[in-house]
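The values are calculated or read from the model by the stated rules, or taken from the named source; none is laboratory data. Just so it is clear, the structure is predicted and the values come from calculations on it, not from any experiment. Cβ sites come from the backbone with ideal geometry, for glycine too, and all protein chains shown count toward neighbours.
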Amino acid sequence: MRVIAITNQKGGCGKTTTSINFSACLHFLQKRVLLVDLDPQGHSTCGLGIKTPKGTPTIYELLSPIQAVPPSMTQVIRSLYPDFDLLPSNAALNALEEECNFMPNNQLLLRELLARIKAQHARYDFVVLDCPPNLGILTWNALNAADEIIIPVEPSFFSLHGLGKISETIQVVNRSRSVPIEVHALLTIFNSLTSFSQEVHDEVRAHFKTQLFRTIIHENVSLREAAAAGQSIVQYAPGSSAFQDYLNLAVEYLERDWDRKLPSQELGWHKVFQNHFAPRSMPDGILFQFSNKTAATVEIAGDFNHWVPEPLVRRSDDGLWQKIIRVDMKTFRYKFIVDGEWQVDPSHPLQKENAYGGLDSYVELS
Ligand SMILES: Nc1ncnc2c1ncn2[C@@H]1O[C@H](COP(=O)(O)OP(=O)(O)OP(=O)(O)O)[C@@H](O)[C@H]1O
Ligand SMILES: [Mg+2]
């Protein structure tokens, strides 16, 4: 069970939008996810259409040290879908800070709660924490419970101003940890048409270096509409570029996870995932990707379509071309056709010689 806190003291930078949609995309990729709303604003809760009328137990009752008879975990955890649950929150959580202000270990309440959840509901692969926009007791609880953090940064002057503060906070967190917290940064609400966004991108990349996800979450009205409809983007607009952005984020995150877990000598299908654009398994088939900013057409042909070229769709301003193809084969060969020129997949290392003396890209599903 990996715990990921989505945190930044800066308000309105996309923490909740990322918590909801990153969780939903991890679930879309068949991971078992618990989303924890740790913000008394309760935005992850209402953004997923969950109501908590007075008297409904929420995360507050599970964390509060003054509950005479705390509710059971199953009374509080709400199932959104099989294997996608929510620990809801509402304004009652505001009381926690005052209640446990002078309590020893008041920053470890969530860690203890998650240990209990792990013991009783060991089924989650990922726990995602939506943090409030301040460095109060709730955020410290999240930082002490998390294995890693994702820092959403939206392009604004104030965001850049806050980067130094974030680094200081991470240093403080690491003082009491044997393993340093893993840090990822994410550009959100990005408008590629403004040069200011680009300047912020350069500055954030210089600050976070490889910790910055290559995926960018672009400004997209579907994300606002999805929240208003009480749905994740997976439900609300699975054909939108906003869905594609968050799916790319989940995939890139999982790749980092695989890189960490896999011994480098391990071969087989997982190896295929190590490159960002290499083919990868999706619920509907295999996702093929090709990065080229200048090409007018990119097609794919292989064993699975009898070598009849099919077009990829250009998805983003960055020149990312994609297509999901249902493949019912354990091994297959393929090639891209870029503006009429046949070529092997530059992102995928496995190749096999073909009958014409050339090379095909080759995939072996394990
Ligand atoms: N990529 C996006 N495109 C368009 N609107 C967005 C995007 N991401 C977030 N928003 C909108 O921006 C506003 C702030 O986003 P969000 O609530 O996710 O931020 P937050 O960091 O959780 O805020 P808070 O600090 O108050 O918790 C919301 O209205 C949300 O719908
Ligand atoms: Mg929020």
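Assorted remarks:
- Output for segment 206-232, where each listed residue is away from ligand 2 (no atom under 16 Å from the Cβ) and among the β-branched types (V, I, T): T210, T215, I216, V221
- Listed conditions (1) free of Cβ contacts under 8 Å to residues at least 60 places away in the same chain; (2) crowded, with 21+ Cβ neighbours inside 10 Å; (3) in a helix (DSSP H, G or I) are all met by L110, apart from (1).
- Top-ranked residue of segment 5-45 - restricted to ones that are outside any loop (DSSP other than H, G, I, E, B) and away from ligand 1 (no atom under 15 Å from the Cβ), ranked as nearest to the chain's Cα centre (by Cα): L26
- The set of residues from segment 127-136 being more than 14 Å from ligand 2 (Cβ to nearest atom) and modelled with pLDDT of 95 or more comprises just one member, V127.
- Test: residue in segment 130-137 that is within 16 Å of ligand 1 (Cβ to nearest atom), under 22 Å from R256 (Cα atoms) and in the same structural domain as K31 (by TED's automatic domain parsing): yes
- Of the residues making up segment 53-80, just one is surrounded by fewer than 13 Cβ atoms within 10 Å (Cβ to Cβ) and under 24 Å from the mean Cα position of the chain (by Cα), namely S79.
- Among (1) more than 16 Å from ligand 1 (Cβ to nearest atom); (2) assigned to a helix (DSSP H, G or I), the one test that S178 misses: (2)
- Single condition N105 does not satisfy, out of (1) within 30 Å of H184 (Cα to Cα); (2) surrounded by 12 or more Cβ atoms within 10 Å (Cβ to Cβ); (3) more than 16 Å from ligand 2 (Cβ to nearest atom): (2)
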